[in-house]
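Enquirer: A single structure is presented below for examination.
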Amino acid sequence: MLSRIAESLYWMTRHLERADNTARVLDINVVHMLESDEGVTEEAQWRPLLTIVGADEGFEDIYPDGRVTVQRVIHLLTQDPNNPGCIHTSLRLARENARAARDRISNAMWETLNEFWLAADRSLRVKLPPWQAAELYAFVHREVATFQGLTQSTMMRGQEHGFAVLGSLHERADMTARILDVRYHLLLPDLSLVGSPLDYYQWGALLKSLSGFDAYRRRYQNGIRPIDVVEFVMLNPDFPRSLIYCVNGLERALARIGYRPNGETEGAMQALREQLRDIQAGEIIERGLHEYLDDLLERLADFGAALQTDYFDAYLGDAS
Amino acid sequence: MLKQFQSGGGGQLLDRSEGPVMAFHEFYRDDFRPREHYLPMWEHIQRAGQQSLASKARDAQLALHNEGVTFTLYADEEAGVERVWPFDILPRIITAHEWAQIEAGLKQRIRALNLFLKDIYHGQRILKDGVVPPELIYRGKDLCREIMDIDPPHDIYIHISGVDLIRDEEGRYLVLEDNLRTPSGVSYMIENRIIERRILPEFFSSYRVRRVEHYPDLLLQALRYLSPRGPADAVVVVLTPGVFNSAYFEHSFLAREMGVELAEGRDLVCRNDKVYLKTTLGLRQVDVVYRRVDDEYLDPLVFRADSVLGVAGLINAWRAGNVALVNAPGTGIADDKAVYAYVPEIIRYYLGETPILPSVPTYQMTDHQDRAYVLDNMERMVIKSVAESGGYGMLMGPASTPAQRADFAQRINADPRNYIAQPVIQISRHICYLDGELESRHLDFRPFCIHGSEIDVVPGGLTRVAMTKGSLVVNSSQGGGSKDTWVLAD
């Protein structure tokens with residue numbers, strides 16, 4: 001298939017996944033902030049979101065006083081055009097990429113995404129009042145889920161589908177790693193303890209922002225323990241947002257697409273796989289979770305660069 | 001050239017330009033009875049009744065809207081507006097007898113024009129023999145000097161054409177324009193048939209209507225036939241200027257129907273005089289490019305250097321014989337509206353045959369006598385810029401204001417080679433179902449020819465209707481609509 005179309009499909013799902021994930025972390029924080037926790041400032045509650053989506057620097061540029069408030073974070077992550085990763089922009093880019101790949105996705109997918117974009121654009125052109133934020137996030141979840149369901153049920157399982165899966169899982173792995181990294185770093189858990197009530201809420205929020213709270217509770221009966229959370233979020237192959245699940249999915253999608261001979265993707269995929277092979281949660285925490293996740297994020301970035309080289313930028317050396 | 005028409009039937013054409021009453025009616029005879037081949041349809045119309053026709057018309061519009069059958073307008077205020085294709089539900093019917101003449105006439109014309117192009121780009125025998133004035137060719141904007149002496153695969157220049165036919169006051173089919181560059185409309189021909197079959201299935205029952213939906217298959221076969229590496233493994237692409245082009249719907253339609261890639265210029269790259277498609281599995285050599293990009297944008301190394309729609313090196317690859325371009329570059333000189341007047345001579349010269357389809361009498365503005373006559377009679381003329389199409393750059397004399405006429409007179413005097421004039425012809429009319437009434441509207445007809453191993457004309461075409469009462473302009477860019485067109489098997 002055409003490199004341009006492959007790239008469009010990849011970015012279509014990647015931007016959608018990003019919009020969905022951003023909406024979820026915002027949503028959880030909005031709900032979470034309804035009740036106050038002792039000693040937790042507004043700044044402490046909202047700054048982590050900036051770190052998760054990598055908008056720390058952008059925030060300083062737009063708000064030189066550096067004061068982190070609910071409204072500012074919501075605005076920046078939801079609709080501020082100065083933030084290229086905000087929900088509004090992500091949806092626009094998802095739709096533009098879908099339009100370019102219009103004849104490679106099903107009619108139902110196109111129509112759903114197009115209507116979704118038109119409705120979202122209508123509400124996000126004006127500044128969103130904070131009390132309507134939760135409603136918007138719910139709308140985004142619903143529409144993205146509809147699109148993903150249609151992808152599942154109406155799209156041919158060829159290379160096209162493979163690239164759509166790559167975009168979605170790549171973004172998801174990235175986001176899971178970031179959420180875990182930032183939250184864990186802030187919570188600085190004492191491994192010996194079963195969590196305090198505060199920990200319960202904080203770790204609970206982490207799991208909820210990965211849609212994994214209920215599943216975790218069913219899987220682990222010992223309350224919310226940081227080591228279990230790490231195991232669940234990184235190494236449970238059945239949890240659809242775990243790192244191992246994403247890596248398995250990427251590998252399957254690539255098998256369907258086919259590796260380029262002498263390409264970079266195969267090596268990058270192996271490096272990712274290597275990072276998660278035969279390892280226990282306790283070991284990861286002992287070695288330093290932050291360093292470990294940093295390493296993983298770097299490999300994810302390498303993986304993206306390899307896709308670009310092998311599939312999206314046509315390799316002109318082939319011509320003879 | 002014109003004299004013969006003025007002394008014969010052509011002189012009468014000029015005199016009949018007052019009212020639409022004089023136009024030939026496709027549906028009614030002079031006594032207002034439907035023509036014989038329309039009698040079954042007339043019965044269907046009466047049986048269906050007002051209510052049912054109205055709901056069918058609504059269904060048709062809705063279906064076209066939902067399927068996104070659109071075209072894009074280039075008006076100043078509404079740049080890039082997507083419009084739903086306006087569709088009239090009552091079909092136009094062409095008898096087998098009429099079609100036989102049309103088909104033979106088109107094949108003859110395309111054969112001759114193809115030989116003409118080969119001659120113009122090689123020995124130019126026809127100019128040396130004085131049949132076509134050399135200055136007409138050398139001053140033509142669309143003579144493509146860059147392709148002189150190049151041999152395209154199988155010596156075919158015009159693979160795809162959409163010749164516009166009209167019927168004059170006597171009901172004779174005349175050629176109005178040869179569209180030999182990148183003619184559009186074939187996708188609408190097919191969409192119209194699909195809609196018609198769904199909306200009015202009962203109307204088909206008393207007729208044997210010939211099929212048109214195999215056009216993309218014929219096209220693919222013709223394209224593969226041209227492949228320099230042989231048809232078996234030919235890689236064919238449709239080259240589009242992109243989503244903002246007015247005919248993008250058609251480009252994607254044809255690519256989808258043929259099952260080939262729809263490429264933009266940036267998806268192709270040339271290396272060592274070969275053309276490649278940039279794919280996820282590396283570069284893939286392309287054998288045939290059905291390009292819907294105009295000549296001047298095709299290759300920035302040869303034509304407009306600022307073009308981002310084309311592919312650098314494409315013409316060299318073509319010259320080297322490694323890729324087929326469809327249509328070949330340089331066909332524009334053969335559908336130049338000033339050269340058009342010489343097509344009957346061109347047919348006689350190359351084929352030694354009498355032209356089957358007559359042309360519309362045409363005044364050359366480079367001829368002093370013709371020009372003086374036209375400038376004195378502008379309100380009875382259609383004046384056209386030779387290198388434009390789609391109803392752009394045209395003056396409809398009877399509907400023009402004095403200011404517009406003065407403006408055109410000035411333009412003609414400044415650049416006479418760029419204009420021609422034709423007497424206003426009351427093109428034929430047909431009934432349409434408009435807002436609950438049967439009304440008569442003017443229309444024309446564009447059948448489509450494919451020149452592969454032989455010349456095929458799909459039995460059908462695009463009938464364009466001037467939806468505005470009394471209007472003679474049928475272009476979709478000027479508010480035209482369309483009808484399904486039935487060619488009968490017997």
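The values are calculated or read from the model by the stated rules, or taken from the named source; none is laboratory data. Since the structure is predicted, the reported quantities are computational estimates derived from the model, not experimental observations. Methodologically, a virtual Cβ is constructed for each residue, glycine included, from the backbone with ideal geometry; neighbour enumeration extends over all protein chains shown. What goes into the accessible areas is simple: the full protein's heavy atoms, side chains included, and nothing from ligands, DNA or RNA. Shrake-Rupley method; radii C 1.70, N 1.55, O 1.52, S 1.80 Å.
Enquirer: Using Stokes-Einstein with the Kirkwood hydrodynamic radius over Cα pairs, what translational diffusion coefficient do you get for segment B:144-194 at 20 °C and a viscosity of 1.002 mPa s, in µm²/s rounded to a whole number?
Expert: Calculated translational D: 154 µm²/s.
Enquirer: Under 5 Å between amide H atoms, partner at least 5 residues away or on a different chain: which partners does B:Ile89 have, H built in plane at 1.01 Å?
Expert: B:Tyr433
Enquirer: So how far apart, in nm, are the two label points at B:Glu379 and B:Asp367 if each is 7 Å from Cα heading toward Cβ?
Expert: 2.5 nm
Enquirer: Give, as a single signed number, the net charge of other residues whose beta carbon lies under 12 Å from the beta carbon of B:Asp178, with Lys and Arg counted +1 and Asp and Glu -1.
Expert: Computed value for this residue: 0.
Enquirer: If you keep only loop residues by DSSP, which trypsin sites (Lys or Arg not before Pro) in segment A:59-106 have at most 14 other Cβ atoms within 10 Å of their Cβ?
Expert: Qualifying residues, ordered by number: A:Arg67.
Enquirer: If you place +1 on the Cβ of every Lys and Arg, -1 on the Cβ of every Asp and Glu, and leave all else neutral, what size is the dipole of the protein assembly as shown about its Cα centre, to the nearest 20 Debye?
Expert: Dipole about the Cα centre, nearest 20: 1820 debye.
Enquirer: Further, regarding this structure: Work through the residues other than B:Gly130 whose Cβ is under 14 Å from its Cβ and net out their charges, Lys, Arg +1 and Asp, Glu -1.
Expert: So the surrounding residues net to -1.
Enquirer: Describe numerically, in nm with one decimal, the distance between label points set 7 Å from Cα along Cα→Cβ at B:Gln124 and at B:Thr354.
Expert: Roughly 3.4 nm, to one decimal.
Enquirer: For A:Ala119 and A:Arg277 in one chain, what is 0.36 nm times their gap in residues minus the Cα-Cα distance, to one decimal in nm?
Expert: 52.5 nm
Enquirer: For an R0 of 60 angstrom, estimate the FRET efficiency from the Cβ-Cβ distance between B:Met22 and A:Arg252 and round to the nearest 0.05.
Expert: After rounding, the FRET efficiency stands at 0.25.
Enquirer: Dipole magnitude of chain B about its Cα centre, charges +1 at Lys/Arg Cβ and -1 at Asp/Glu Cβ only, in debye to the nearest 20?
Expert: 460 debye
Enquirer: Sticking with this one: For segment A:219-320, which trypsin sites (Lys or Arg not before Pro) are in a loop by DSSP, counting at most 16 other Cβ atoms within 10 Å?
Expert: Counting only loop positions with at most 16 other Cβ atoms within 10 Å, the trypsin sites (Lys or Arg not before Pro) in segment A:219-320 are A:Arg277.
Enquirer: Could you please report the charge total around A:Leu136, scoring K, R as +1 and D, E as -1 over all other residues with beta-carbon less than 13 angstrom from its beta-carbon?
Expert: 0
Enquirer: Turning to a different aspect of this structure: With unit charges on the beta carbons (Lys and Arg positive, Asp and Glu negative) and the dipole taken about the Cα centre of the protein assembly as shown, which residue among B:Leu281, B:Trp99, B:Thr362 sits farthest to the positive side?
Expert: B:Trp99
Enquirer: I've got another one for you. Can you list the lysines whose alpha carbon sits under 20 Å from that of B:Lys107, skipping same-chain ones fewer than 8 residues off?
Expert: Reachable lysines: B:Lys118, B:Lys337.
Enquirer: Over the residues of the protein assembly as shown, compute the C-alpha Rg and express it relative to 2.2 N^0.38 Å.
Expert: Computed over Cα atoms of the protein assembly as shown, the ratio equals 1.18.
Enquirer: Send over the semi-axes of segment A:231-320's equivalent ellipsoid, whole angstrom and largest first, taken as the square roots of 5 times the C-alpha gyration tensor eigenvalues.
Expert: Value: 29, 14, 9 Å, ordered largest first.
Enquirer: Specify the residue with the greatest mean-square fluctuation among A:Val30, A:Val126, A:Val233, computed from a Gaussian network of chain A linking alpha-carbon atoms under 10 Å apart.
Expert: Among A:Val30, A:Val126, A:Val233, the largest GNM mean-square fluctuation belongs to A:Val126.
Enquirer: Scan segment A:27-96 for GluC sites (Glu not before Pro) in coil per DSSP, keeping those whose Cβ has at most 15 other Cβ atoms within 10 Å, and list them by number.
Expert: Counting only loop positions with at most 15 other Cβ atoms within 10 Å, the GluC sites (Glu not before Pro) in segment A:27-96 are A:Glu35, A:Glu38.
Enquirer: I'd like to know which of B:Ile160, B:Gly185, B:Ile195 lies farthest towards the positive end of the charge dipole of segment B:145-195, counting +1 on Cβ of Lys and Arg and -1 on Cβ of Asp and Glu.
Expert: About the Cα centre, the residue reaching furthest to the positive side is B:Ile195.
Enquirer: Compute the convex hull volume of the Cα atoms of segment B:361-424, divide it by the residue count, and report the result per residue in Å³ as a whole number.
Expert: Given the Cα convex hull of segment B:361-424, per-residue volume reads 75 Å³.
Enquirer: Can you give me the P(r) profile for segment A:3-318? Cα pairs, bins 10 angstrom wide beginning at 0, each as a whole percent.
Expert: 6, 26, 33, 26, 9, 1, 0
Enquirer: Can I ask one more? For A:Asp61 paired with A:His290, estimate the spin-label separation in nm (one decimal), with each label point 7 Å from Cα along the Cα-to-Cβ line.
Expert: For A:Asp61 paired with A:His290, the spin-label model returns 2.5 nm.
Enquirer: Given chain B, what whole percent of its Cα pairs are spread farther than 43 Å?
Expert: When every Cα pair of chain B is considered, 14 percent fall beyond 43 Å.
Enquirer: Treating only the Cβ atoms of Lys and Arg (+1) and Asp and Glu (-1) as charged, compute the dipole magnitude of segment A:3-318 about its Cα centre; round to the nearest 20 debye.
Expert: Dipole of segment A:3-318, to the nearest 20 debye: 1140 debye.
Enquirer: Mark the label point 7 Å from the Cα of B:Leu62 along Cα→Cβ and return the residues of segment B:181-196 whose backbone N is within less than 19 Å of it.
Expert: B:192, B:194-196, by backbone N distance to the label point.
Enquirer: Per the 1.4 Å probe, what fraction of the accessible area of the protein assembly as shown, in percent, lies on carbon and sulfur atoms?
Expert: Answer for the protein assembly as shown is 49 percent, counting heavy atoms of protein chains only.
Enquirer: With every protein chain kept in place and ligands, DNA and RNA left out, what is the accessible area per residue of the protein assembly as shown? Probe 1.4 Å, answer in Å².
Expert: In whole numbers, the protein assembly as shown has 42 Å² accessible per residue.
Enquirer: Please check which bits of segment B:29-45 a label hung off B:Glu98 would reach, taking the label as a point 7 Å along Cα-to-C-beta and the cut-off as backbone N under 13 Å.
Expert: The answer is B:29, B:35-39.
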